[in-house]
Amino acid sequence: MQYSLGIDAGGTFTDAVIVQDSDGTIVESTKVLTTYPDPIGGIKKAIDELDPECVKDVKLVSVSTTLSTNTILEDTGFPVGVVLVGDYVIPEEGFPAKYYVRLNGGHTSNGEEAAPLDEEGVRRFARETRDQVAAFAVSSFFSNRNSEHELRVKQIIKELTGLPVVCGHELSQEVGAYDRSITAYLNAQLLPITHRFIKSIMQDINSRGIGANLLMLKCDGSVVGIQEALRKPIESIFSGPAGSLVGASFLAEKGTCAVIDVGGTSTDVSVIYNGVPEMSDAGAVVGGWQTRVKAIRMETSAMGGDSHIWVKAKKISIGPRRVIPLCRAAVLYAGFLDRLKESKSPSRKLLCENIQATKFFVRTGLKPLELTRTEEEIYDTIQGNPLSYVDLFQRLKKQPSVRALDNLIQKRLVQAIGFTPTDALHVLGDFRRWDVEASIIGAERLAKQLRTSKEEFSIMVKRQVARNMAKDLVSYLVTGIQDSVINQMLSGENFTRFKVETPVVLLGGPVVAFKEEMEKLIDANIMLPEHSSVGNAVGALVGKGIKRTEILIKRDFAPITGENATDEELKNAKEVVRYFVFSPGGRAIFPQYMDAYEFARNSGKKIIMDYMKAAGYSKDEVNIEVTKKDLMTREGEEPVESKVIVVGIGTSRLVVEKDVIPDYMRKKATSSRRAAEHSYSGK
């Protein structure tokens, strides 16, 4: 018997499922705690809990993870140096990177050089920042039309520093230099984290003697080969939600449904229609940053089971950062419960996210690299046992720097512990997996500031989380609606309730605890399918190999010269027509439209097949379709501009025998192709 292994390493839990390849039956599943900041420990434990007889016959391993998403949401990525080439206009709030430089260079819309590249400026910036950053990113004006300057910057920096360099054109061929620069910057931030993650998975699989192909789920619900995943970790943002979307659809046997996935760090809402994820036209937005990454359309908020709950000025705030829940910390760290009982509360004047009566700090175990003197003082004070802000104050004999403490958290050297929605559910008895007493003590501390009971405080938290779930759903379904209107809808006033016609599938660990509150807020068929707690891991296997690429053909006129025209053309015309082809591989120029089209078509098909082969597909397992969208001016003339869209769909890796592919999977494959074409039609 042959099996496939699906793994989802989320912010709180790591799930694993074994699926029988012949019929898609879920043979076994497991759920363990994610290990933070390195999730490989949780992955190893999840695989250890599966039947070893099935594991040894696994031929495919597919992984989805919220690692990249959480890193950006929590602002804990590695420092990056960014080179912006051309006339970039930086918004008033500034560029997100601490280290960046604007230099002369860039190209025009036709790929002609707009200004010479300032190579000396590149060298100077690289030398000045190489000891402060883990990677570099470069984005040049119209690099999607001509990537020469980006590639030259990459070459110079690699020669001087040896550090990884990400180019904007490698991630997107879309117009929008600033958005490409953000995409490149975020991708570079994720490189060290992703390399460590994938390397650890491969080492563990190899150590078990599993001869399996390794795939990663992307943010559009498709799978990708491991080499591509290493180069473009940004494409794994929202791969966890993408996995939950296709997994929920599969488990609920609903080709069309809305999905609310409550993870450890975030709540994600998305919709699948006829088995195909609804895609974002503008590219993924994460942490408030617009990227050029093709992803499922999703409404996401930084509120999950492990989101930090803190109180200031009699107001409850949830998130955006995740912490270790108090109930779990009492199990993980010996003596923590006693320390929690005995700890002193900080002055109310000092209260902020990092200064709370229920907030503690502990080392993660990662080795520190570059620390300031203030950071080093705090880091040396925090040892193996969790300490509160008041504990740090007493040991340092001075007020600790909140900024330095926050920097240590961002560098993943320190992990925070605090009260969470998971703790609130422990207090109410809706979910009890760890130490209830720790949750109760935390609720009492925070409730005291609001002059209420621990039960009422926990109910307030539960309602706020459920309301956030409903709010995200309404915001997704009714685009552009104002928060004030949504709040009025969910208030229950005026004898009204928001109705959702499509089924709403809930995924996540203790999400069942919020079902009743959700039903009070919205009128919908809210579903909790079997195996919903491991839906993301199922989705990692249900995801197909889908690759889309778009190549632009653009007509242009060049002055007549003896080098580019025939004698007849020199006599009768002042200009000669030429066709530019802009593809991920570079720019090409052709005198005839059909030559340009054939080049674009063949280039696109090669890009698709190279990608699919890296993902483990053979030529016979890939169906490629080519469509073309033309911009015409006059009848009878060649198009002014053409977009050649090439889409490749790989057969399902979950079910390999064609005669046993369920109708559901067949419909999904057909719809996937149509959706892929639709996403490029401009409709």
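The values are calculated or read from the model by the stated rules, or taken from the named source; none is laboratory data. The structure displayed is predicted, hence computed values, not measured ones. Every residue, glycine among them, receives a Cβ derived from its backbone with ideal geometry; neighbour counts consider all protein chains shown. Calculation scope for accessible area: heavy atoms of the full protein, side chains included, ligands and nucleic acids excluded. Shrake-Rupley method; radii C 1.70, N 1.55, O 1.52, S 1.80 Å.
Given q = 0.10, 0.11, 0.24, 0.26 Å⁻¹, what are the Debye log10 I(q)/I(0) values for the stretch 49-131, with equal point scatterers placed on the Cα positions and solvent ignored? Normalising to I(0) and taking log10 leaves -0.50, -0.56, -1.15, -1.20. Take the Cα coordinates of the stretch 288-430, assign each an equal point scatterer, and use the Debye formula without solvent to give log10 I(q)/I(0) at q = 0.18 Å⁻¹. Computed log10 I(q)/I(0) values: -1.09.
Think of each Lys and Arg Cβ as +1 and each Asp and Glu Cβ as -1; about the Cα centre, that makes the dipole of the chain roughly 1780 debye.
At an R0 of 22 angstrom, the distance between the Cβ atoms of His195 and Trp289 translates into a FRET efficiency of 0.50.
Distances over 19 Å make up what percent of all Cα-Cα pairs in the stretch 31-86? Everything past 19 Å amounts to 51 percent. In a DSSP loop and with at most 16 other Cβ atoms within 10 Å, the GluC sites (Glu not before Pro) in the stretch 1-75 are Glu49. The loop-placed GluC sites (Glu not before Pro) in the stretch 358-451, going by DSSP, that have at most 11 neighbouring Cβ atoms within 10 Å of their Cβ come out as Glu370. Over the stretch 417-526, one equal point on each Cα, no solvent: what is log10 I(q)/I(0) by the Debye formula at q = 0.13, 0.20, 0.24 Å⁻¹? Reported log10 I(q)/I(0), two decimals: -0.56, -1.03, -1.23.
Counting only protein heavy atoms and a probe of 1.4 Å, the accessible surface of the chain is 47% carbon and sulfur. Cross-linked pairs Lys312/Lys515; Lys294/Lys605; Lys312/Lys397; Lys397/Lys454: Cα-Cα separations exceed 31 Å for Lys397/Lys454.
Modelled spin labels at Glu437 and Glu530, positioned 7 Å past Cα toward Cβ, are 4.0 nm from each other. Histogrammed with a bin width of 5 Å, the alpha carbon distances of the stretch 191-239 distribute as 5, 22, 30, 23, 14, 6, 0 percent, first bin at zero. For Lys471, the aspartates and glutamates whose Cα falls under 18 Å of its own Cα, not counting residues fewer than eight places away in the same chain, are Asp261, Asp268, Glu299, Asp483, Glu493, Glu501, Glu516, Glu517, Glu519, Asp523. Per the Kirkwood formula applied to alpha carbons, the stretch 202-317 shows a radius of gyration over Rh ratio, Rg over Rh, of 1.05. A crude spin-label estimate for the pair Asp48 and Val485, with each label 7 Å from Cα along the Cβ direction, gives 5.3 nm. Among the lysines in the stretch 1-111, how many pairs, 8 or more places apart or on different chains, have alpha carbons under 29 Å apart? Taking the stretch 1-111 as the scope, the lysine pair count is 8. Amide H to amide H distances under 5 Å link Met279 with Arg297, where only residues 5 or more positions off or on other chains count and H is placed in the peptide plane.
So which trypsin sites (Lys or Arg not before Pro) in the stretch 236-298 pass both tests, a DSSP loop state and at most 14 other Cβ atoms within 10 Å of the Cβ? Passing sites in the stretch 236-298 do not exist.
With each run of n ≥ 4 DSSP H residues scored as -39500 (n - 2.57), what mean residue ellipticity at 222 nm is computed for the chain after dividing by its residue count and rounding to the nearest 500 deg cm²/dmol?
Estimated from H runs of four or more residues: -11000 deg cm²/dmol.
Summing charges over all other residues whose Cβ lies under 11 Å from the Cβ of Ala184, with Lys and Arg as +1 and Asp and Glu as -1, gives +1.
With both labels modelled 7 Å from their Cα along Cα-to-Cβ, the Asp380 to Thr633 distance reads 7.2 nm. Globularity index of the stretch 99-251 is 1.21 (Cα radius of gyration / 2.2 N^0.38 Å, N = number of residues). Within the chain, antiparallel bridges make up roughly 70 percent of the DSSP beta bridges whose residues both belong there.
Counted residue by residue at 0.36 nm each, then reduced by the alpha carbon distance between them, the extension gain from Phe495 to Lys520 reaches 7.8 nm. Note on the stretch 330-410: Kirkwood hydrodynamic radius from all Cα pairs is 13.2 Å, rounded to one decimal. Taking the charge dipole of the chain about its Cα centre, with +1 at Lys and Arg Cβ atoms and -1 at Asp and Glu Cβ atoms, the residue from Ala242, His149, Ala416 reaching farthest to the positive side is Ala416.
Does the stretch 462-561 come out rounded, prolate or oblate, given a ≥ b ≥ c as the square roots of the eigenvalues of its C-alpha gyration tensor, rounded meaning a/c under 1.5 and, failing that, prolate meaning a/b above b/c?
Oblate, since a/c reaches 1.5 and b/c is not below a/b.
Computed on the Cα trace of the stretch 92-162, the radius of gyration divided by the Kirkwood hydrodynamic radius gives Rg/Rh = 0.98.
Its residues counted as N, the chain yields a C-alpha radius of gyration over 2.2 N^0.38 Å of 1.02.
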